[in-house]
Amino acid sequence: MYWDCVRQRAQGSEQEKHNRKLAKLPQEKTRGLRMANISEKASGANAQSTATAQTKQATNTEPANNQEHLKKGLQNRHIQLIALGGAIGTGLFYGSAESIQLAGPSILLTYLLGGALIFLIVRALGEMSTYDPKAGAFSYYASHYWSKRAGFVSGWNYWANYLLVSMVELAVVGQFVQYWFPAIPAWVSAAVFMVLITAANMLGVKAFGEFEFWFAIIKIVAVIAMIIVGIAVIFMAIPDADGAIPGLHNLANFFPNGFFTAHHAAGSSAAGAAGGVTYSGVLMALVVVMFSFGGTELIGITAGEAEDPKKSIPKATNEVVWRILLFYVVALFVIMCVVPWDKIGVPNKNGVVVSPFVQIFDSVGIQFAAGLLNFVCLTAVISVYNSALYSNSRMLYSLALQGNAPAYLSKTNKRGVPHWGVLTSAAITVIAVVVVFLWPEFAFNYLMSIATFSGILNWSLIAITQMKFRKFIGAEGEKDLTFKLPLAKITPWIILIAMLAIYALMWLSPSYRVAAWLGPIWCVVLVVAYEITQRFK
């Protein structure tokens, strides 16, 4: 696997190790260890010289004194909704049909399992973010507690991931606009929203937080409305167009495809595989479900600009996962009670595959349901690009401070925005969007496959970095942790085993097989890119 290729750099003498360790710890911890070190020195002059050297090392990842810094403007409500809104998007409104076809009603268990894994991942990240809140989050931690190479791979992998996601979101935004205004070219819509969101990101982190807060509110209200309407349909026993009565009886066949089932007749399952063998069940659906949770790691990215990270990060981490599960599990439970699971994702009489959310509203005669969902999805797409631009600019800022990106990307304006990171990410996104319009098959089949794999790679690197972090701070440092990862000695291994299992399942799904074979190549590209950049320094 990739992480076997990423080895820690050669270490110097024991005293040099101690000095580096002090330099990388947060300021409060550094000060305490430095005082203990001084008390052990026989010569006060030597101790003062050592402390001065350590202080210089400790500041090597902060902007120079004549530069602006990132500003803390994100409140707890911002962070809560940023993480929650990041996981509620088109994957729930449209993508849930694919996972339901794979697992049937047992998809509810798949979401619980996936939610448990995501909780462990964000807890691992939350432990580090609370102890040492910094922009760049997992890339910063990988660089400081593991190696500079690991920081490079983690940061650029995440940046590329969100760049490619932005590419797709901006490419499809025109489709949602054309629902109401078919005469407007798709590229015009993409250009307008890109300029608006880029400008909004230049206003400061508080403006970003407010935008994301209200974007998330729109999506949450839509889900709650669907749940309320669905419950009303169930209790009023309103039949669908075919005369089927909603109710719990639609969930009677809870495991139609078992946990993991191979079908030897081609086309018998939505999963599909080579050689006429197809796969379905709870485990196959887990591949789809896990990627619907992408975006929750934004909690760590926001730590460096949170007003009170030691309070808001633990609160957001603990609450966002169960809230996401509440929305996903309850929403899909209601959907499958109203619409039989084997009818979800199936083309209607007009040959159109309708979102299960639209099916719920249509069942009670709300004819503008499609338009309402179109508006919500448009909001979701804009929200994704807004979050992507924010996180990518902060990631470039962190990479620049590590020495893993051009130095100009570490500059911030008077509002505390890494403006060159915002503009650079936006400019490269423009190129990516042009690629989608010119070569859509290449973009969706290959570029998005890299984005798919990079999610697994990012979660895996978070788990490994957490182990390196614990080893780095030692037993004494663990005593100062205020937000600990449960069962920290085994939890990272659980995450890694789960990620390996998901990667193996990707080979069995035609939707993800390209990502599976491109993944190792992407890892090699990142490592080679690091070595090349180091040679030219």
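Evaluate the Debye formula for region 443-533 with equal point scatterers sitting on the alpha carbons, no solvent, and hand back log10 of I(q)/I(0) at q = 0.22 Å⁻¹, in q order, two decimals. Debye output, listed in q order: -1.05. Listed cross-link partners Lys72/Lys411; Lys148/Lys471; Lys311/Lys471; Lys206/Lys414; Lys315/Lys484; Lys468/Lys537 are compared with a 21 Å cut-off, the Cα-Cα value being larger for Lys311/Lys471; Lys468/Lys537. Spacing of the modelled spin labels on Ile497 and Leu112, each 7 Å from Cα toward Cβ, amounts to 2.0 nm.
Spatial offset of region 115-148 relative to region 417-489 amounts to 10 Å, using the alpha carbon center of each.
Note on region 373-521: Rg/Rh from Cα positions, Kirkwood definition for Rh, rounded to two decimals, is 1.03. With the biggest extent put first, the Cα atoms of region 412-487 measure 56, 38, 17 Å across the principal axes. Met226 exposes around 0 Å² of accessible area when a 1.4 Å probe is run over every protein chain in place.
Find how much the distance from Phe254 to Ile532 grows on full extension, using 0.36 nm per residue of separation minus their present alpha carbon separation; answer in nm with one decimal.
Numbers: separation 278, 0.36 × 278 = 100.08 nm, distance 5.30 nm.
Gain on extension, Phe254 to Ile532, equals 94.8 nm.
The values are calculated or read from the model by the stated rules, or taken from the named source; none is laboratory data. Quick caveat: nothing in here was measured; it's all calculated off a predicted structure. With ideal geometry, Cβ positions are generated from the backbone for all residues, glycine too; neighbour counts draw on all protein chains shown. Side chains are part of the model used for accessible areas, which takes the heavy atoms of the whole protein and leaves out ligands, DNA and RNA. Shrake-Rupley method; radii C 1.70, N 1.55, O 1.52, S 1.80 Å.
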